[in-house]
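Colleague: The structure under discussion is supplied below as structure tokens; questions concerning it will follow.
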Amino acid sequence: MTLTLIILAVAVLLFLSDRLRPDVVALLVMLALGLSGILDSTETFSGFSRSAVIAIIGIFILAEGLRRTGLSEKLGEALIRLGGQNESRLVFTVTLAGALLSLFMNNIAAASVLMPAISSAARKTGISASRLLMPLAFGTILGGMATLLTTTNILVSGILRQQGLAGFGLLDFAPVGIPIVVFGTIYMATIGWRLLPAQAHPETPATRALWASTDEGDLEGVYRLKERLIRGRVFNDSPLVGKTIRQSQLRETYKLNLVALQRGNKLNETISPDMELKPGDTLHLIGRLDTYPVGQIPIPELEKLLELLNVPQDNLPPMKLVEIVLAPRSPLLGQTLRQVRFREKYGLNVLAIWRAGWPFRTGHSEMPLQFGDALLLQGPAGQIPLLQTEPDLLVLVKRTAPIDKRKAFLAGLVMLTTLATAAFSSFPTGEVMLAGGLLMVLLRILDMDQAYRAVEWKSVFLVAGMLPLGTALTKTGAATMFGDSLLALLGHSGVIILLAGLVALTILFTQIMNGAAVAAIMAPIAIQLAQNTTGMDPRSLAMAVALATSVAFITPLGHPVNVLVMGPGGYKFTDYTRIGLLLTLLIFGVILVFLPIFWPLGIIPAG
């Protein structure tokens, strides 16, 4: 038990420090439990054979089928259109749309497919996107509490099965989860939206939030491109003549980003690094020359290369601009644009990176990319459909490619059939979800490579790595010890107080740790508390833990979808606390009221 607690303590510290990815920590925990002899080999690797892990894989593939056919996006757009022009009503529909999609999709996937529709709605209504992005994030979290198809819910169900108890079915969460969605959505539409920032915070230079529009003129203003525009003409005996753009070293030496090249009367946005510069070429550059006011006294080094021209502040070259955000599982994370050869791969130029409420327009090619970064791209409009096929990139414009109605119909039919089978048949959920995913492949809605890419393997390994921890906590008696301590502290006050303490403790951990890790720690404690000590129903307390691990509203750290919208929405840490604290108290109360009704707790035996 002592060794298990040491491993648990180290794991918690690693989760809190964020020095290692959660899935890496989970695998280290799994190996430590095996190598120390606490678990045998079968127990150590049991997580990979659990139905919970297979169910997660199947869900990702099913959701990808809906995304690639455009069905989920069209559904989200239709829901958001119901919001009309009224801000409160639009907040309501955005929250509800996020909740409905997350009933059968991963929360991040649900938020991703709705972002273009929200961007469009914000542009048409003139409402800042900072008024809509947090309701979207919170809506997806609320919806995930009403169904089994959420990572933490699946994990808790798997832990129940490890203990020899019946796991949860697809609809078991609905009796408590649906009231949570209803009350949470009403809160966001009546109270929460009034607490949202009116626009991006003052330190953000935009007058509107980053995603308030996909209109190119707005994007130019948001990123303040005009302040960094430099225009120069290649003179006849310039050292640049005959050199390619790659050889010019404009980016490496002067930190200048070439966005357009004018040759004669033709403005060329499609710029190849191998394009040769000629006398008379006019280069439109984005950069920062701090040693002089733009248009007055040029720096001598650059003047040797170009005849610098005065540029009126309203005279940007016509450019096709588009924004993207990196998906949580994107392989681009942690790498620089130069390392991934972004321009060569996608045929688009990155003009700036938006991070922590500020646009980085120079030196961004050497910045390691982070989750939540928004990238402003410029280039041919024909490249945008290519970007929209990349699951690693979230493109903030509506789908331009036509929808294959046949595939969309088949994808919807497969999803409905899979959910119905999981809900109303006796087949195990994991097998049903995987069968649904494979059916997507067999019907050619996806190919197998796309199916593999759709799976967020980080979540898979996180769950598989943390499941053995539950076994160790139970096997060594550590879960019983924690349960006894909680019972001694709160048990004399009755089952509702004990439930409140368990839920409150789980919610507290969820604000600062990955929800799956919290579930892996708290679920065995809750089960042992009920099973060995109190005579209460272990599945009821396990349900309470599962729901509480999704109450991640007070800080952006509690759920990746909060991080996804934080930077682009211009939110501060305190925005989540101001809006999320009241929502957390509301959901806490809903759980305490509705869970005992639909999942009777039992009694605490006297003595």
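Colleague: Which pairs do you get when a residue that is closer than 17 Å to N107 by Cα, found in the stretch 39-61, comes within reach of a residue that is of a type in the set (D, E) and crowded, with 19+ Cβ neighbours inside 10 Å, reach meaning Cβ atoms under 9 angstrom, with the pair 6+ apart or on two chains?
Modeller: Matching pairs, first to second residue: I56/E456; F60/E456.
Colleague: Now a separate question. Can you pull out the helices (runs of 4 or more DSSP H) entirely within the stretch 405-481 that have at least 1 residues that are at pLDDT below 90 and touching an Asp or Glu at 6+ places or on another chain (Cβ under 8 Å)?
Modeller: Per the criteria, 448-454, 457-475.
Colleague: Another question, if that's okay. Within the stretch 11-36, work out how many residues are over 15 Å from A472 (Cα atoms) and either of a type in the set (D, E) or assigned to a helix (DSSP H, G or I) (or both). Let's see the steps before the verdict.
Modeller: Taking the stretch 11-36 first, the residues over 15 Å from A472 (Cα atoms) are 12-25.
Those left that are additionally either of a type in the set (D, E) or assigned to a helix (DSSP H, G or I) (or both): 12-18, 22-25.
Residues flagged as over 15 Å from A472 (Cα atoms) and either of a type in the set (D, E) or assigned to a helix (DSSP H, G or I) (or both) within the stretch 11-36 amount to 11.
Colleague: Let me ask something else. Kindly provide the set of residues from the stretch 572-585 that are in contact (Cβ under 8 Å) with a residue 12 or more places away in the chain and either farther than 18 Å from T185 by Cβ or buried (at least 19 other Cβ atoms within 10 Å of the Cβ) (or both), ordered by number. First the steps, then the outcome.
Modeller: So the first thing to find is which residues in the stretch 572-585 are in contact (Cβ under 8 Å) with a residue 12 or more places away in the chain, and the list is 572-573, 575-584.
Passing the criteria: K572, F573, D575, Y576, T577, R578, I579, G580, L583, T584.
Colleague: Looking at M513, M440, which is the one that is in the same structural domain as L39 (by TED's automatic domain parsing), within 20 Å of V156 (Cβ to Cβ) and touching a helix residue (DSSP H, G or I) at 6+ places or on another chain (Cβ under 9 Å)? Talk me through it step by step, then tell me what you get.
Modeller: On the way: M440 fails: within 20 Å of V156 (Cβ to Cβ).
Selected residue: M513, the only one of M513, M440 that is in the same structural domain as L39 (by TED's automatic domain parsing), within 20 Å of V156 (Cβ to Cβ) and touching a helix residue (DSSP H, G or I) at 6+ places or on another chain (Cβ under 9 Å).
Colleague: Still on this structure: May I ask you to list the residues in the stretch 333-365 that are closer than 21 Å to G569 by Cβ, part of a loop (DSSP other than H, G, I, E, B) and in contact with a Phe, Trp or Tyr (Cβ under 8 Å, 6 or more places away or on another chain)?
Modeller: L333, R361
Colleague: Can I ask one more? On the given criteria, is S157 crowded, with 23+ Cβ neighbours inside 10 Å, of a type in the set (S, T, Y), farther than 22 Å from S112 by Cα and touching a residue at least 60 places away in the same chain (Cβ under 8 Å)?
Modeller: On the way: crowded, with 23+ Cβ neighbours inside 10 Å: yes; of a type in the set (S, T, Y): yes; farther than 22 Å from S112 by Cα: yes; touching a residue at least 60 places away in the same chain (Cβ under 8 Å): yes.
Considered against the rule, which asks whether it is crowded, with 23+ Cβ neighbours inside 10 Å, of a type in the set (S, T, Y), farther than 22 Å from S112 by Cα and touching a residue at least 60 places away in the same chain (Cβ under 8 Å), S157 comes out as yes.
Colleague: Go over the candidates M105, M134 one by one and state the one that is within 16 Å of F92 (Cβ to Cβ) and surrounded by 24 or more Cβ atoms within 10 Å (Cβ to Cβ).
Modeller: Values: M105 fails: within 16 Å of F92 (Cβ to Cβ).
Going through M105, M134 in turn, the sole match is M134.
Colleague: Sticking with this one: Residues of the stretch 370-394 being surrounded by fewer than 20 Cβ atoms within 10 Å (Cβ to Cβ) and of a type in the set (G, A, S), which ones?
Modeller: Answer for the stretch 370-394, where residues must be surrounded by fewer than 20 Cβ atoms within 10 Å (Cβ to Cβ) and of a type in the set (G, A, S): A381, G382.
Colleague: What number of residues within the stretch 242-292 satisfy the criterion of being part of a loop (DSSP other than H, G, I, E, B), touching an Asp or Glu at 6+ places or on another chain (Cβ under 9 Å) and modelled with pLDDT of 85 or more?
Modeller: 3
Colleague: Of all helices (runs of 4 or more DSSP H) completely enclosed by the stretch 101-204, which ones contain at least 2 residues that are over 28 Å from I324 (Cβ atoms) and in contact with a Leu (Cβ under 7 Å, 6 or more places away or on another chain)? I'd like the intermediate steps shown before the answer.
Modeller: Values: elements: 107-125, 133-144, 151-162, 174-187.
By residue number, 151-162, 174-187.
The values are calculated or read from the model by the stated rules, or taken from the named source; none is laboratory data. All of these numbers come straight from a predicted model, not from anything done at the bench. Positions of Cβ are backbone-derived with ideal geometry, glycine not excepted, and every protein chain shown enters the neighbour counts.
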